[in-house]
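Participant: This is the structure, below, for whatever I ask next.
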Amino acid sequence: MKNQEISGIFNAIADILEIKEENRFRIRAYRRAAFNVSAVTVSLDDLARQGALETIPGVGKDLSDKIREYLTTGKISFYEDLKKEVPPAVLEFMSIQGVGPKTAMLFYSKLGIKSIKELREHAALGEIKDVPGLGEKTIENILRGIEFLEKASKFTLLSDGMRISEAVIRQISLAPGVKKIEVAGSTRRAKETIGDVDILASSVTPEPAMEAFIKMPEVKEVLAHGPTRSSIITAENVQVDLRIVPPGSYGAALAYLTGSKAHNIRLREIAVKKNLKLNEYGIFRNKDNKKIASSTEKEIYEALGLAPVQPEMREDQGEIEAALKHAIPDLVTLKDIRSDLHLHTTASDGSASMEELAEACSKKGYTHIVITDHSQSLKVARGLDPARLKEHLKKIDALNKRIKGLRILKGAEVDILADGSLDYDDSILERFDFVIGSIHTGFKQPKGLLTGRIVTAMKNKYLNMIAHPTGRLLGKREGYEIDIPEILKAARGTNTALEINAYPERLDLSGMNCRLAKDAGVMIGIGTDSHRLGDLDYMTLGVRTARRGWLTRKNVLNTLTLQAFLKKIKK
DNA sequence: GCCGTTTTCGGCCCGACTGTTTTCAGTCG
């Protein structure tokens, strides 16, 4: 998809316009469009064909023309011309944390530096001096910024963000004076990858907590340290920000710090129209600066005439409009989950036995689970051939007789072969209660072929769900090229569910794709794809992803009772 | 450059921290 390319160009245009000190609202318009274009999950080609480019928020006549120009010619002439006005080095400098357009331009124009490498050499040798505005501290920070740029992971997985935030909260909550503390930012929104970790606390005496924060053992570097905000880098190169506000401002601060930025801007715009001002301390009347809401998020939304919006929905992707109409869906929660639909045992490549899994799932309060070991052709994962499978299924029968309160369903994760056929014959498939189909080979096939393979598989009457439908591995591999609308149409037509694979580096389907599935009337099943007992806890990630896709209980197979589940799935 | 139950023109979110500056610009979120 060209969405990311175009988003990148719009951001680059914004950078250049910033250097040129153009109208800041024009710059913001490009940034907003870049953000929204990257969030669109259908291809811009398809949107352009339908004449629907201008339905993307922040894309009007001019930008839709530019998108069409890129789609037909592969270039945007405005951008090509703009690039000639600004040396590439200056744009490169702006990728360093703490270096904005002004400083970047200074390096180039006053010092003639032409690359980050050169910049580092000059800075290290102490050759950047006597330039107005660039003191010793600034140089030091720039060197650190370069180091961070080279070393830091570009993003952090949600699961890591959750782990880090929990560790920080555990420590800071012990500091004297801390009333409330919780994670905010993209981790609270459950974005699949996060930039940094934001923590919010309330206290009337923030100093001890701030002290404790910058002195945590995992702190590698303190980036900023103030009475209300501090930033650190951890040993694993993740930035963590701690913000501390008075207890009375907690709700406003939580809303502010949770974001997203786009969502916040919309809220503040609504406030402005009501002659109010919204910031992290509360909502204030313009006429007398009187605070009218601040202590809870609910108060904030209500003061703006909005229904409260769940954190996972706060992306300015239609939730503001839904909140204005008081039509926020009642999102699925972890408590609604009665089953795990994707589990591996020692029979194939899992490390936990069927008994161990059953016991652990029983403790989670599930009423049923599906054991889904790999099929025969996936040799690397010890896929089950028909003979071993026969014994495996017997074991499930035996275990079902022994245990109470949990039903173990017979399932399999069956490879979808190159021609779209499944890795077991129908005579075998009919013995399962629930069959999951997976693409494990031929990722690089062209879009049409891959889509056709999946559609063919869905037409098999024994196939109940497609596992990790796009095959993405966050940070390692883009999803394979598939035609999502066509997959959804076929899924709907064949009563095949699509999976949210809850593995931290998959979270596939994504929240946005879940929304499309919901709109298309396609059921979603959440599977942890557990290979170890501990993996069962990934269900949280799956549910959070479902919430990002606006899913309610009725969109998710795992919320059904055993009886309703068996009735709902394909026979 | 976008956008409109007060508008097709004239608005466009708001504050913290840093560094080098003596009152504020730059950067970030």
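Every number here is computed from the coordinates shown, using simple stated rules; none is lab data. Note that the structure is predicted; figures quoted are calculated from it, not measured. Heads up, the Cβs are rebuilt from the backbone with ideal geometry, glycines too, and the neighbour counts pull from every protein chain shown.
Participant: Quick check on my link table: of A:K20/A:K83; A:K390/A:K410; A:K2/A:K447; A:K273/A:K325; A:K84/A:K261, which ones sit more than 22 Å apart, alpha carbon to alpha carbon?
Facilitator: A:K84/A:K261
Participant: While we're looking at this one, here's another question. Counting other Cβ atoms within 10 Å, keep those with at most 13, restrict to DSSP loop, and tell me which trypsin sites (Lys or Arg not before Pro) in segment A:281-378 are left.
Facilitator: Loop-located and lightly packed - A:K287, A:K290, A:K325.
Participant: So which aspartates and glutamates can A:K394 reach, going by Cα to Cα under 16 Å and dropping same-chain residues fewer than 8 places off?
Facilitator: The reachable aspartates and glutamates, counting only those whose Cα sits under 16 Å from A:K394, are A:E355, A:D373, A:D385, A:E430, A:D433.
Participant: Describe numerically, in nm with one decimal, the distance between label points set 7 Å from Cα along Cα→Cβ at A:A307 and at A:E118.
Facilitator: Those two pseudo-labels are separated by 5.8 nm.
Participant: Specify the inter-centroid distance of segment A:451-519 and segment A:184-250, based on alpha-carbon positions, in whole Å.
Facilitator: 37 Å
Participant: If you take the beta carbon distance between A:E355 and A:K180 as r and set R0 to 41 Å, what does 1/(1 + (r/R0)^6) give as a FRET efficiency, to the nearest 0.05?
Facilitator: That gives a FRET efficiency of 0.50.
Participant: Further, regarding this structure: Just to be sure I understand the model, the point goes 7 Å from the Cα along the line to the Cβ. What's the resulting A:D288 to A:K151 distance in nm?
Facilitator: 5.5 nm
Participant: Straight-line reach from A:K137: which lysines have a Cα under 19 Å away, not including same-chain ones fewer than 8 places off?
Facilitator: Candidates past the 8-residue exclusion: A:K102, A:K110, A:K129, A:K220.
Participant: Place a +1 charge on the Cβ of each Lys and Arg in chain A and a -1 charge on the Cβ of each Asp and Glu, then give the dipole magnitude about the Cα centre in debye, rounded to the nearest 20.
Facilitator: So the magnitude is around 1580 debye.
Participant: Which loop chymotrypsin sites (Phe, Trp or Tyr not before Pro) in segment A:424-453, with loop taken from DSSP, have no more than 14 other Cβ atoms within 10 angstrom of their Cβ?
Facilitator: Counting only loop positions with at most 14 other Cβ atoms within 10 Å, the chymotrypsin sites (Phe, Trp or Tyr not before Pro) in segment A:424-453 are A:F443.
Participant: Could you give the length gained by full extension between A:V219 and A:V204, i.e. 0.36 nm per residue of separation minus their alpha carbon distance, to one decimal place?
Facilitator: 3.0 nm
Participant: What aspartates and glutamates sit close enough to A:K379 to cross-link, taking a C-alpha to C-alpha distance under 15 Å and skipping anything fewer than 8 places away on the same chain?
Facilitator: A:D349, A:E413, A:D415, A:D423
Participant: Please name whichever of A:Q4, A:Y281, A:T41 sits farthest to the positive end of the charge dipole of chain A, dipole taken about the Cα centre and charges placed at Cβ: Lys and Arg +1, Asp and Glu -1.
Facilitator: Of the options given, the answer is A:Y281.
Participant: Further question: With a cap of 14 neighbouring Cβ atoms within 10 Å, and only residues DSSP puts in a loop, list the GluC sites (Glu not before Pro) found in segment A:105-210.
Facilitator: For GluC sites (Glu not before Pro) across segment A:105-210 that sit outside H, G, I, E and B with at most 14 neighbouring Cβ atoms in 10 Å, the list reads A:E127.
Participant: Rounded to the nearest 5, what is the percent of antiparallel bridges among the DSSP beta bridges in segment A:334-569?
Facilitator: Bridges in segment A:334-569 that DSSP calls antiparallel: roughly 10 percent.
Participant: On full extension of the chain, what length is gained from A:S377 through A:D330, given 0.36 nm per residue of separation minus the C-alpha to C-alpha distance?
Facilitator: Answer, rounded to one decimal: 12.7 nm.
Participant: Along the Cα-to-Cβ line of A:L449, 7 Å from the Cα, sits a label point; which residues in segment A:409-433 have backbone N less than 18 Å from it?
Facilitator: Inside the label zone: A:416-422.
Participant: Would you mind getting me the FRET efficiency between A:N495 and A:E430? Use the beta-carbon distance for r and R0 = 22 Å, nearest 0.05.
Facilitator: Result of the calculation: an efficiency of 0.85.
Participant: Between A:T55 and A:E136, 0.36 nm times their residue separation minus their Cα-Cα distance comes to what?
Facilitator: Extra length from A:T55 to A:E136 when fully extended: 24.3 nm.
Participant: Round to the nearest 0.05 the FRET efficiency obtained for A:K277 and A:N237 when R0 = 41 Å and r is the Cβ-Cβ distance.
Facilitator: Calculated transfer efficiency: 0.65.
Participant: For labels at A:T228 and A:S362 in the simple 7 Å Cα→Cβ model, what's the distance in nm?
Facilitator: 5.4 nm
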